[in-house]
Structure formats: C-alpha cells, structure tokens
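Have a look at the structure below before the remarks.
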Amino acid sequence: MSQKKIFLVFVAISTVSLLLHHGGHFSWTMEAFHLGCPSLRTHLSSSLKPKHTNVAFLKTHKTASTTMQNLLFRFAERNNLTVALPVQACGHQFCYPRTFNAHLVHPHTLPPNVVTSHMRFNRAEMQRLMPNDTIYVTILREPGSMFESLFSYYNQYCQSFKRVPNGSLEAFLDEPWRYYRPDEKDSMYARNTLTFDLGGDKDRPAADATAYARAFVAETERVFSLVMIAEYFDESLVLLRHLLSWDLEDVLYVKLNMRMSGSKHSLSPGLPFKIRAWNALDARLYDHFNASLWRQLTALGPACVAREVRLLRRAQERLVRGCFGGRLPQLRSAAQIKNKELRPWQPSAKVDIVGYDLPTNTNATWPGSLAHELCLKLIMPEVQYTRVLLRSQSLRYRRSYPLRSPQPQPQQPVRSVLPRHQQVGIQQIHREALPPGLGPASSPTATSRPAGTQSRATRVGLRPSGPQRQTP
C-alpha cells in the first residue's frame, strides 16, 4: 500500500474516532446535512473547537438583558470563569450612567473573562479590561414596546416622566420637550436609551442626526459581533451558540425581571410612530440590526434554525420539570415571595416586578443541595446573583493570595455558594435536561486562567496583588 493510501486510511480512522468521541455534535451535524443547510456543514470542524469564554455583553435597559445576564452568570460559574463586577460603591451596576471606566471593576474580579452588568459603554476602557479575543454582544428591542416599558418602570425616578400629569405616556409624547430636560438626572431613560447605553449622543442635534446615526450604526457593527433582538430571543441564542461554540445546555434560561400584566399598557394607534420619532436614533439602530439578524438566520438556514429553537425549548422544558416538578412556579409579586434571595427589586409602588419562589418539592425532584443550587440560580434576580458572585469570587481571590491583608466582605451574607469541585454535579443535572445527542461535547473547553496568574490587570491600572482604590 502506498504512503498516500496509508495516510488517507489514517485520516479516516482518526476522523471516525473523533466523531464517536464527539457524539452529540456529530448527530447534530448529520441532521444539519439532512436538512440541507450548507452553512452548517462546517459545524463538524467548529464543534471540535474549545468554547469561547471571553465575552462582553452590553446589558441594555428593558430588553430582556437580565435574562441574558443570568445565562452568562451561570455559564461563568459552570466553567470556573471570572466575571467582572462593580466596586461596591457602584452597587450592582458600573456606576451607571457614568461612562464605564476600568477602575469601576472590583479588584477581586480581575482579570475577567466575562462582563455583563449595566454600564454606559466605553470601547477604549473595555479593551483595556478585557482580553484581545473578547467577543462583544448586546441586545436591542423594538422602540415602541421598549419605551412603554421604560416609561412604566422609571416613572418615579426619571423627572422627565414624573412631571407628566397623571403619568400619561400619551401626554408626554404629545409635547415631549415640555417635560424632557436633556441634562437632568436620569434623562437617559426618556430618550434614545439604547444609543446612550452604547456610548452615543442621545440628543444629537437634528441638523446632523442622520449622518450621525449612520456613522454610529457602522461603529456599533464594527465592535459587536452579534446584536441580539429581544423579540427573537431564541433565534438570537442560536446565533450566539454558534458564534461562541457553546453547547445547548449553555443557553438554557428562564425569563426574569418581568412586569405584572396590570403594569403594562397597550399602545393606542399613532403612539408607536410618535415613539419612533422621539427616539429616532434608537429606531435606526433597531431597524438596522433587526434586518442584520434575519440575514444571519437566513444564511444559517431557516429549517435548521427552527429545529434548534425547538430543541432549545424542549431542553428548557426538561430543565423546568427537573427543577420545579412540572411547570414553572406561578409568578408572584415580591411581597409574596418567601425566599428573600428570589425577591426582585421593585422600582416603585406603581409597577409590580414579578419573580418566582422555589416550590417545596424541589429537593424531592433532584435530591441534594447541588440541584437546589442550580434551580435557585436559574431564577435568581440580578441584585442577589451579583452579590452571590462577588462573594464567591472574593473567597477564591483570597485563597489565591493568602498573604494579603484582610479585605472587607459584602455586608449581606449569602448562603448559596458552591465549592468549585461540586460543579460537576450541576453539569450532570443540565445533561438530564437535554435531548439525546445534544449534551455537552467532550471537546476540551477553553481553560480559564487561575485567579492568581499574571494578567491584564497591570495594564488597566488595577494591580491584583495590592490594595485597590475604589472609585465611587
């Protein structure tokens, strides 16, 4: 047998061995071939890549971003990654609406793999903080429904909304300049909030607004590898999963930070047009990236996307059955939730943000504390989960630097923090939720950096081995 034939036989045997080793991805890829999706025929080679673990998600306001943040928090914990969290003076956001600065990151959360807390985006500072191979992602929402949500949610915080008679959205939109003050505290909630969150000028003069919007959209497209759309959240997750080479289990979620139906208001005819006119920059962003999303989904193959969305939803149903013994717990107001770790923050007495309470049969369904921890994190609100992560990462940080002088701990005790070696149990529970053949691939994931290794912290001006100055 010639050397060429021997080489080809060797390659064939090696390929079959790899396919068997990566069974879940293999079955997924074979069905992609069957559905006739050319763009997915490269999935076999990409499935052998490690998961991409350096991710910056710009958390925008009232766009389902809290659900996305929870997903990223859980991914980071399962993979022993470091999440950049705000200094305690900033609370659970990076001192928003201040423009982001790397000095606002808590020193115990450096160097980070993931960042996902609210901020006003600053590209230069983010690049100083994050690794060079970081993938940037954000999410947008249709301007009409988003502005209605903003008006309801921040009605008692934003003076531009608060001074409107009877809290009327219609009255505000009839004469927005009568109530709106561009330089007033919290004015970013009252006009072009997405543009502001992305670091743009929400009050660009009309004379050059069109040219500015065009340039701003182009800049956003250069920075962000994926701009998700809230109305097509599951389809956006399909694109995200492929972009990051993640498994199906990595994008399971439960909807969080929702309002009671009584706190929502339907838009009367004509209001959506007025909202888009008042938020013209946001409307331009949304229209562009909504079209972009659908171009990417079309390239992936509508049949393949639909199939993966179905698989995602089935896996979520299985996870919910595992956690809660059937369907999700009934949505409850914060006052009705007994477990304080699950009570969502309430912006005012005029709007009800609902959450979940763990049913009493949780541990019976999945015996052991690991299952309870998984289910708790799945429905944990943003403020509490941020506190949990800061606590666990601070403990890990101190173990890596045993000679450091003691640092102050978060004032509120947190009870649900797992040692890292127990994460294997959580991953097993996730696998039970997945349909056959779509479990985590056995390909190696990207190895996270140990907390004590030399890093980018020095070049962002935050030295992990010494006391830190916390900028309020």
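The values are calculated or read from the model by the stated rules, or taken from the named source; none is laboratory data. Small disclaimer: the values here were computed from a predicted structure and weren't measured. Glycine also receives a Cβ, built like all others from the backbone with ideal geometry; neighbour counts cover every protein chain displayed. Quick note on the areas: whole protein, heavy atoms, side chains included, nothing else; ligands and nucleic acids left out. Shrake-Rupley method; radii C 1.70, N 1.55, O 1.52, S 1.80 Å.
For this structure, a couple of remarks:
- Taking the stretch 101-174 as the region of interest, the helices (runs of 4 or more DSSP H) fully inside it that hold 2 or more residues being more than 30 Å from residue 398 (Cα to Cα) are 143-153, 159-162, 169-174.
- Among the residues making up the stretch 264-297, those that are open to solvent by 70 Å² or more (accessible area, probe 1.4 Å), not basic (Lys, Arg) and not in a helix (DSSP H, G or I) are 265, 266, 269.
- Residue 130 meets each of the listed conditions (1) modelled with pLDDT of 95 or more; (2) open to solvent by 20 Å² or more (accessible area, probe 1.4 Å) apart from (2).
- Against the conditions (1) touching a residue at least 60 places away in the same chain (Cβ under 8 Å); (2) under 18 Å from residue 57 (Cα atoms), residue 219 satisfies every one except (1).
- Filtered residues of the stretch 40-63 (kept if closer than 22 Å to residue 120 by Cβ and either hydroxyl-bearing (Ser, Thr, Tyr) or at pLDDT 95 or above (or both)): 54, 55, 56, 57, 58, 59, 60, 61, 63
- Restricting the stretch 230-257 to residues that are of a type in the set (Val, Ile, Thr) and assigned to a helix (DSSP H, G or I), the residue that is nearest to residue 51 (Cα to Cα): 251
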